[in-house]
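Reviewing the structure listed below.
Every number in this text was worked out from the coordinates using simple rules, so none of it is lab data. Keep in mind the model is a prediction, meaning the values are calculated, not measured. Cβ sites come from the backbone with ideal geometry, for glycine too, and all protein chains shown count toward neighbours.
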Amino acid sequence: MMLADFWAQTLRRLHSELSEQQFQLAIAPITVGEENDAWVIYAKNQFAVNLLRSQYAAKLSAIREEIAPNAPELIYKVGVGVRYEMAEEVSPTFSGSLKTQNQAKSIDKSDELDNLSTDTSSESNLPKTSLQSPQAPLLQPENAPVDKLPEKKSSRKTTAQDILAERMSNLRPNKKNEVSEENKSHKPSAIEIAKAKEDAEQRHSQTNLSPEYTFDTLVEGKGNHLAAAVAKSIAEKPGDSMYNPFFVYGSTGLGKTHLVQAIGNELLKLNTKARVRYMHSDEYLKTFMATVRNKTWDTFKQQYLHYNLLIIDDIQFIQGKDRTMEEFFFLFEHFHSRNQQIILTCDQLPSSLENMEKRLISRFSWGMTIKLEPPELEMRVDILERKAEAVGITLLEDAALFIAQNVKQNVRELEGALNRVLARCRFEKRTTIDIDLATDALQDIVASNYKPITIELIMKAVADYHHIRMSDLLGKKRTRTVARPRQMAMALAKELTNMSLPAIGDAFGGRDHTTVMHAVKTIAKLRIDEPELGQDYEKLLILIRN
Ligand SMILES: Nc1ncnc2c1ncn2[C@@H]1O[C@H](COP(=O)(O)OP(=O)(O)OP(=O)(O)O)[C@@H](O)[C@H]1O
């Protein structure tokens with residue numbers, strides 16, 4: 001069998017077996033190739049290679065054994081090979097069967113929804129476990145009540161309308177199984193709708209989730225793209241062993257809480273009866289201490305065991321607290337062994353948690369561990385624009401760029417800076433923020449960020465902006481893609497530094513001062529004649545100054 005055929009069939013197989021999110025996240029980006037008689041699965045970075053090796057290598061080997069037993073072994077590497085798009089590469093019968101597979105997948109998902117929403121067990125129905133010895137943990141996996149996440153059922157035909165109808169029925173109070181045929185056409189009255197809304201709001205408040213932390217309000221960029229994709233996948237299919245636990249870590253203010261709460265809110269949107277609970281580890285600690293003090297073990301156990309999704313924020317705070325860690329270990333085991341989803345956030349990688357129990361550290365890495373990185377410039381601008389828009393204020397592009405350039409570390413600080421600018425804007429009874437207003441409102445931040453402008457700084461900014469190398473600016477190439485940015489860099493050097501024309505020429509690979517003078521004149525003219533170039537120049541001025 002040829003590699004192309006093998007991969008086309010493998011894609012079809014994986015597409016039918018994995019969730020759409022898993023497929024899109026891990027499999028779709030793969031390219032393949034042949035090297036020295038081996039078949040190579042290429043991924044774009046080491047993280048992706050590791051992910052493939054740990055999560056999919058066994059499955060891929062099994063498929064290879066089955067459909068191409070004489071084919072070479074598969075090896076995994078960072079690199080780029082040939083991409084086979086499923087729709088184009090497969091035969092007509094393949095795409096036909098692909099459709100069938102997709103339908104099968106939607107049946108599975110709707111069944112999960114059915115299961116989740118019709119499971120009516122409540123805390124009071126839970127069997128109680130007893131504390132067997134003073135040292136015994138409160139939560140013992142073997143005794144703990146079984147309240148499973150739904151398992152996939154097979155064949156009932158379910159359409160998208162069924163799913164919608166199911167979701168609608170979840171909005172009505174409690175009567176799902178008692179609806180008679182004639183009542184099916186019953187339209188809920190305004191009172192029923194108001195009651196259902198009130199119930200939903202009450203259920204939501206018990207989850208401890210902030211309603212504003214959703215995927216809609218979460219801006220995505222390089223720093224959180226992968227984490228957001230995994231998060232959405234979990235909301236769609238909580239408890240999948242690949243992402244259980246989901247361990248999100250990163251410095252303060254990067255959006256860990258927002259991201260993990262968005263999972264809870266999304267799951268509740270998909271299924272109003274999913275049992276979700278968010279808590280800060282501090283709350284877990286306090287509740288546990290109160291339990292020890294008051295000996296209210298049963299209440300403590302029942303409080304946690306029936307959730308489908310438990311989110312604990314800032315898990316690092318339980319470090320060094322031996323009994324709490326022990327208890328948490330059994331809570332974790334309970335969730336994991338029953339495919340109930342657990343999500344943890346932390347300020348550092350599990351292995352860096354020096355005072356955490358070893359068995360917990362190893363378990364934290366069983367599922368998916370993802371770091372949130374500080375937002376890059378474009379993402380910061382996007383966040384600012386979206387947040388200003390949400391309060392009905394227009395933030396002009398250069399003002400957004402200016403704020404984003406000055407506040408780089410984390411999103412919380414970015415929000416703080418924006419709030420100051422918004423306050424000034426409202427005080428002046430304006431509806432638009434321009435660069436003057438932003439500069440004025442953030443003077444102190446700008447002053448503390450002050451760095452002298454050097455010619456190297458200018459060259460780097462211009463090279464980055466135009467996606468060329470610094471060496472191109474110094475070299476002899478005269479193609480337009482290089483020559484124009486070089487002229488721009490010279491003009492910027494003239495405007496932003498005190499350097500003489502000969503000194504600038506010298507810094508640009510020993511060029512004559514007349515070359516610099518020509519560049520300055522050309523750019524001055526082009527800034528008027530070519531508005532796009534003019535805007536690029538303005539943006540570079542802001543970038544370099546800030
Ligand atoms: N990608 C994002 N899009 C929109 N808003 C964001 C994003 N990331 C963070 N925020 C906002 O920034 C603020 C801080 O985020 P959050 O509290 O989630 O950070 P954190 O990483 O949990 O911080 P800490 O570790 O200090 O608890 C919140 O108001 C949040 O809504």
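Think of each Lys and Arg Cβ as +1 and each Asp and Glu Cβ as -1; about the Cα centre, that makes the dipole of segment 377-448 roughly 300 debye.
Protection proxy ranking of 60-66, 13-19, by the mean of other Cβ atoms within 10 Å over each peptide's residues and highest first, is 13-19, 60-66.
For q = 0.15, 0.25 Å⁻¹, what log10 I(q)/I(0) does segment 3-93 give under the Debye formula with an equal point scatterer on each alpha carbon and no solvent? The Debye formula, applied to the Cα set alone, gives -0.51, -1.61. The string of couplings for segment 292-304 from the Karplus curve (6.51, -1.76, 1.60, θ = phi - 60°) is 4, 5, 9, 6, 9, 4, 4, 4, 4, 4, 5, 4, 9 Hz, one whole number per residue in order, with x for Gly and Pro.
Restricting the calculation to alpha carbons of segment 377-448 gives Rg and Dmax of 10.6, 30 angstrom. Dividing the C-alpha radius of gyration of segment 181-285 by 2.2 N^0.38 Å, with N its residue count, gives 1.28. Could you tell me which of 446, 379, 422 has its Cα farthest along the dipole of segment 377-448 towards the positive end, charges placed at Cβ (Lys, Arg +1; Asp, Glu -1), taken about the Cα centre? It is 422, whose Cα lies furthest towards the positive end. Applying 1/(1 + (r/R0)^6) with R0 = 51 Å to the Cβ-Cβ distance of residue 440 and residue 251 gives a FRET efficiency near 0.95. With contacts taken as Cα pairs under 8 Å and at least 6 residues apart, segment 379-447 reaches a relative contact order of 36 percent.
When the pairs 256/286; 197/237; 187/256 are compared against a 30 Å limit on Cα-Cα distance, 187/256 fall above it.
Coupling constants for segment 65-72 follow from the phi torsions by the Karplus curve (6.51 cos²θ - 1.76 cosθ + 1.60, θ = phi - 60°), and in residue order they are 3, 6, 9, 9, x, 8, 6, x Hz; glycine and proline get x. Note on segment 225-371: with charges restricted to the Cβ of Lys and Arg (+1) and Asp and Glu (-1), its dipole about the Cα centre is near 340 debye.
For residue 76, the residues whose modelled amide H falls within less than 5 Å of its own, excluding neighbours fewer than 5 places apart on the same chain, are 41.
The Rg/Rh ratio for segment 305-359 is 0.95, where Rg is the radius of gyration of the alpha carbons and Rh is the Kirkwood radius.
Taking all Cα-Cα distances within segment 225-371, those exceeding 22 Å account for 34%. For segment 344-408, a/c is not less than 1.5, where a ≥ b ≥ c are the root eigenvalues of the C-alpha gyration tensor, and a/b tops b/c. That puts it in the prolate class. Computed on the Cα atoms alone, the convex hull of segment 457-546 gives a volume of 83 cubic angstrom per residue. Computed from the Kirkwood radius of its Cα pairs, the Stokes-Einstein diffusion coefficient for segment 347-493 at 20 °C and 1.002 mPa s stands at 115 µm²/s. Fewest neighbouring Cβ atoms within 10 Å first, the residues 49, 80 line up as 80, 49.
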